[in-house]
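These notes are about the structure you will find just below.
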Amino acid sequence: MRLRLLYHGHCFDGVASAAVFTRFYLARVDARASVAYAPLLHTAGALFDEGMFDGDENAIVDFKYSPSERLTWWFDHHQSAFLSPQDEAHFRADSTGKKFWDPESKSCTEFIARVAEEGFGFSDPSLAPLIGWAHTIDGAFYESAAQPVELREPALQLMQVIENVDDEFIEWVIGELARHPLDEVATGEEVQRRFRPLLARHRETLETVRRKAAYERGAVTFDLVDEGLEGFNKFIPYYVHPETTYSVAVTRGAYRTKISVGSNPFSPRPRRHNIASICERYGGGGHAVVGAVSFKPDEVERARRVAGEILAELREGFEE
Ligand SMILES: [Mn+2]
């Protein structure tokens, strides 16, 4: 028997979900199954093709639903889990008892662990640290801005690796997490030698943001276009300016120039704006607490002008 397990790629929760599901499947369904993994990513085109479901059993964890008759297991916790109302109706009509959705769960990893225990009598206490960290990371329940910026905990170091390395190594990680405790995998040399150069690059980005960021009246802003930095850890602005409520940054990549707007979850002053609503007015979007507006790569001046307007709006009515 061969199990094809499709997981949300380059995502700590996706990888942890795949590891927990593997342990559950081998313990409760088929101890002799061979498991093959493949990542799923949010792309502009079709997300699935039938050829992906090439196992005797096919499972998806931490990713959207597919109505394929070949899909035998499904777990997701995203609000937008269905590509169409027809897909949702297909899921609701399912009678296999092997497809599960809970948009209230903060991580798919803890959702799988709960269903495995309540529905199938499977529990493995050695998975507790993996489940706990998937909750912290996927729900962004950090204790401070320093925690995700300083990356001292091995679990966060593993997160950094998962977000940046090739799928082949990520599949090796899933296999290790399915057999060994999180700490052992995260502190192992295979993970650590990939983490070290990522940490060096992350620290350079941190110093660049520290140098360029300017805080005034409740909002910090910086422009990384000339630095050629496409992205940054979103907690860096709140680490270098803990007094800020908002952050507005301009970056340029190969495919777009982007304004990233965020709010500081550790801010001394409450957020007063819905960031998605502001970004939507300029053709962008997001959530109440974080959003973005994208432009063509050469529209840097336009992006800078819009960033200035957004900043002015966020600073309006600021009181010390
Ligand atoms: Mn997730």
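Show me the helices of the chain, taken as full DSSP H stretches, that run 20 Å or more along their long axis by Cα and average -1.0 or above in Kyte-Doolittle hydropathy.
Going by DSSP H runs, the hits are 12-28, 300-315.
Could you state the orientation-averaged shadow area of the convex hull built on the Cα atoms of the chain, in nm² to one decimal? The partial results should precede the final answer.
On the way: hull surface 68.9 nm².
Result: a mean projected hull area of 17.2 nm².
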Taking K and R as +1 and D and E as -1, what net charge do the other residues with C-beta under 14 Å from the C-beta of Arg70 add up to?
-3
If packing is taken as the average number of other Cβ atoms within 10 Å across a peptide's residues, how do 58-66, 280-288 rank, most packed first?
58-66, 280-288
Taking Met159, Met52, Met1 and ranking on accessible area (1.4 Å, protein atoms only), highest first, one gets Met1, Met52, Met159
Would you work out the charge dipole size for the stretch 218-280 about its Cα centre, treating the Cβ of every Lys and Arg as +1 and the Cβ of every Asp and Glu as -1, and quote it to the nearest 20 debye?
260
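With viscosity set to 0.890 mPa s at 25 °C, what whole-number translational diffusion coefficient in µm²/s follows for the stretch 213-315 from Stokes-Einstein and a Kirkwood radius over Cα pairs?
So the translational diffusion coefficient is about 184 µm²/s.
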If you filter the stretch 108-179 for trypsin sites (Lys or Arg not before Pro), then keep DSSP loop positions with at most 16 other Cβ within 10 Å, what is left?
Arg152, Arg179
Above-threshold pairs, the threshold being 28 Å between Cα atoms, out of Lys106/Lys212; Lys99/Lys258; Lys64/Lys234; Lys99/Lys234; Lys106/Lys234:
Lys106/Lys212; Lys99/Lys258; Lys99/Lys234
Given a 1.4 Å probe and heavy atoms of the protein chains only, how would you sort Glu190, Glu104, largest accessible area at the top?
Glu104, Glu190
How large is the accessible surface of Ser277 in square angstrom, using a 1.4 angstrom probe and rounding to the nearest 10?
50
Which value, in debye to the nearest 20, gives the size of the charge dipole of the chain about its Cα centre, when Lys and Arg are +1 and Asp and Glu are -1 at the Cβ?
620
Who wins for biggest fluctuation among Ile278, Ile174, Ile131 in a Gaussian network model of the chain, springs between alpha carbons below 10 Å?
Ile278
The stretch 2-138: radius of gyration and largest Cα-Cα distance (Dmax), Å:
13.9, 40
Chymotrypsin sites (Phe, Trp or Tyr not before Pro) restricted to DSSP loop in the stretch 156-246 with at most 16 other C-beta within 10 Å
none
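The values are calculated or read from the model by the stated rules, or taken from the named source; none is laboratory data. Small disclaimer: the values here were computed from a predicted structure and weren't measured. Neighbour counts run over all protein chains shown; Cβ positions are idealised from the backbone, glycine included. For the accessible areas, the whole protein counts, side chains as well, though only heavy atoms, and no ligand, DNA or RNA atoms are used. Shrake-Rupley method; radii C 1.70, N 1.55, O 1.52, S 1.80 Å.
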